[in-house]
Structure formats: C-alpha cells, structure tokens
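Structure first, commentary second.
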Amino acid sequence: MNGFRRICAVILGMVLLIAGILKIMDPVGSGLVMEEYLKFFHLRFLLGAAKVLACAMAMLESLLGAALMAGVWRKPIALTSAVVLIFFTILTAVLYIAKPAMDCGCFGEAVHLNHAQTFLKNLILDALWCLAFLPFRNPGAPQRIKYVSFSLAAISLVMFLLYSSLSIPLRDYTDFKPGIELEEQPLYFYDASYDYADSLALKGRVMVISAYDPSGIDETKTAGFMALASEKGFTPLLLLASSPDDPGLVNPLLLSGCWFSDRKLLLTLNRSNGGVTYLNDGQVIRKWASRSLPDGEDLDALMQTAPMDCLLGEQNRTRAVFQGFTLYLFAVLLLL
C-alpha cells in the first residue's frame with residue numbers, strides 16, 4: 001500500500017476510533033441514543049438490549065479504527081469497514097430524508113451533528129475509504145509488530161469499556177456537566193403535592209442523589225449517605241424518576257425525604273443509578289457513581305476545599321487521564 005493510500009486509511013481509522021471511544025466512555029448515553037434508533041425503526045422489542053447493542057457497535061467501530069490505523073489484516077478489515085460505512089451511510093440517508101427529532105450520536109455527547117451534517121460526514125468517510133482501498137488490489141502486509149500493537153489497543157479498549165460500565169463517564173459532555181449553572185440548565189423536581197422545589201438545589205452545598213430506576217438503588221446505602229451528608233453540613237436531595245402516585249419499589253423511609261423528576265433528566269444529571277452530584281449555589285461541581293460514593297473523610301475534605309478548586313482539580317484530572325489514554329492508543333498503533 002503506497003504512502004497516500006496508507007494515510008487515508010489512517011485518517012479513516014482515527015475518526016472511527018475517536019467516535020468509538022467517545023461512545024464507549026458513556027455506555028448509558030449510548031444506550032439512550034440506541035433506544036431512539038430502535039423506536040424510530042419500530043424495533044421496540046429490542047429496547048431491553050439497547051445498551052448492550054450500543055456498546056457492541058461502539059466496540060466494533062473502535063476496533064475497526066484501531067485495525068485501520070495499525071494496518072493489520074488489511075483486506076478483511078477493508079471489506080468489513082466498507083460494509084460498516086455503507087450501513088452508516090444508508091442509515092443516515094434515511095434520517096436525513098425523514099428528519100426525526102433525534103441526535104445521531106456519532107460522537108457521543110461530545111459533538112452534536114444534525115442529520116445533514118451526519119450524512120455529509122459519512123460521505124466524506126466513504127470517499128476516504130475509496131482513496132485508501134480502490135482499486136482493490138493486494139494491499140500488502142504489515143510488520144508483525146503491528147499485530148502486537150493492535151492487540152494492546154484492543155485489550156485497552158475492552159478495559160476502558162469495563163471501567164466506563166462501572167463508573168460515570170471520564171469526561172462529561174452532558175447538559176449537566178461540571179461547571180454548568182442550573183440557572184442556565186434548570187433542574188426540575190417536585191414534591192408529593194406536585195409543587196416544584198427547584199430552589200432547594202440553588203442555595204448552599206447540596207448533594208443530589210439521583211435514581212432514574214428507583215427499584216434498582218441500594219436503599220440502605222442511599223439512606224446512610226443522606227444521613228452522613230446532612231451530618232457533615234450538606235443538604236441531601238433524593239430525586240426519583242417516578243411520580244408521587246407511583247413511587248416504585250422504594251422503601252417508605254426514603255420516600256419521606258425525596259422528590260420526583262423526569263427519568264431522562266436524571267440520566268443526564270448523573271449516568272449512575274443512585275449516583276451523587278455535588279452542587280454549590282446552583283453550580284455543578286463534581287459527580288460520583290453509586291459504587292464509589294464519598295465517605296466521611298471525603299465529605300470533610302470537600303467542606304474544607306473551595307468549590308471552584310474542587311471543580312477545577314477534578315476537571316484537570318479527568319482531562320489528563322482521557323488525553324493520556326487517547327495518546328497512548330495513538331502511540332501504540334502508529335509508533336510501535
């Protein structure tokens with residue numbers, strides 16, 4: 001494969017890899033996008049598997065991108081990527097014609113494209129594929145070390161998906177990302193009488209425990225954290241994706257101190273069911289997954305740290321980790 005064709009294959013691989021990583025990083029959000037696709041194509045019987053399907057598609061996209069960058073199994077990968085690109089192009093052409101009110105989710109929450117932009121993006125990727133692989137002759141063989149680099153990248157991507165499935169996204173691009181002010185992006189919730197109580201989240205240091213699936217939260221752990229947060233000087237708020245008339249399978253002891261909200265809003269606030277979001281005077285500061293809630297020492301440290309310092313410190317940490325992981329993949333695939 002000559003230099004120009006190889007460059008086109010690498011660029012195509014980079015786009016697919018980045019798009020896949022952004023979706024792998026947020027399995028819950030990717031599952032929400034997949035739900036919209038399944039509803040649009042009248043495949044509601046698959047809604048229960050939306051998250052699994054989304055993760056499988058994202059992993060396929062990532063692995064194809066990594067293989068294109070490494071240059072391994074060139075003919076099979078060329079054929080597979082052609083099938084995937086044709087599928088994406090037809091899919092986005094249908095969306096462009098029908099114009100449903102949904103996001104393509106091509107780059108997760110990081111980049112939002114309308115249907116015309118998404119279709120054009122896929123046409124550009126198709127053109128890159130043609131430049132890389134047509135005429136379709138013997139593409140040559142890579143050095144053996146490239147199979148090692150691809151294997152390292154593949155293992156790293158699987159581990160990243162596992163980490164993301166057990167945590168919240170390493171980088172948050174949602175409407176309630178850290179740093180956002182709730183006055184710009186309101187957080188609606190109401191009490192058992194359907195009276196809105198949004199103002200409770202706008203003053204002081206607040207710990208919001210959000211349950212988009214109330215029946216799936218650990219009630220003992222949730223009640224314990226609420227009591228601990230209150231003891232340390234925070235205002236705990238438990239928000240359930242339910243209604244006062246049908247609160248779900250939640251312990252009545254928790255219902256006495258909870259409010260109600262919309263499921264999609266709570267999924268946007270925190271990707272973890274039973275996860276915690278720290279607010280200070282209506283600004284989103286930090287988030288935790290339900291598996292790793294802050295303990296007493298953590299809460300004491302938060303009380304002693306200026307909220308803005310906490311916000312900037314966490315943003316710098318997650319940005320460095322994500323950039324480091326991405327650069328590591330690129331180095332392994334291109335330099336090894």
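Quick notes on this one:
- Placing a pseudo-label 7 Å from each Cα along the Cα-to-Cβ vector at residue 42 and residue 231 gives an inter-label distance of 5.7 nm.
- Cross-link table 23/51; 99/121; 177/232; 232/287; 203/232; 99/177, entries beyond 19 Å C-alpha to C-alpha: 177/232; 99/177
- Computed lengthening from residue 138 to residue 52, 0.36 nm per intervening residue step minus Cα-Cα distance: 27.4 nm
- Global form of the chain, assessed from the alpha-carbon gyration tensor, a/c cut-off 1.5: prolate
- Peptide packing: for 120-133, 272-285, 313-326, the average count of neighbouring Cβ atoms within 10 Å per residue gives the ranking 272-285, 120-133, 313-326, highest mean first.
- Gyration tensor verdict on region 198-304 (Cα atoms; rounded if a/c is under 1.5, prolate if a/b is larger than b/c, oblate otherwise): prolate
- Per-residue extension of 0.36 nm, minus the Cα-Cα distance of residue 321 and residue 5, leaves a gain of 110.5 nm for this segment.
- Separation of alpha-carbon centers, region 268-336 and region 130-177, rounded to whole Å: 24
- Cα shape, region 3-166, gyration tensor, a/c 1.5 rule: oblate
- Degrees, to the nearest 10: 50-70 long Cα axis against longest axis of the chain: 40
- Rounded tilt (10° steps) of 307-335 against the dominant C-alpha axis of the chain: 20
- Between 0 and 90°, nearest 10: helix 3-24 axis offset from the chain longest Cα axis: 20
- Antiparallel DSSP beta bridges within the chain, percent to nearest 5: 65
- Net charge in the neighbourhood of residue 21 (other residues with Cβ under 14 Å of its Cβ; Lys, Arg +1, Asp, Glu -1) is -1.
- Whole-Hz ³J(HN,Hα) from phi, Karplus 6.51 cos²θ - 1.76 cosθ + 1.60, for region 286-303, glycine and proline x: 7, 9, 9, 6, 5, 6, 9, 5, x, 8, x, 5, 4, 5, 4, 5, 5, 5
Here, each number is a calculation from the coordinates, and none is a lab measurement. Here the structure is a predicted model, which means the values were calculated and not measured. Please note: Cβ atoms are built from the backbone with ideal geometry, for glycine as well, and neighbour counts cover all protein chains shown.
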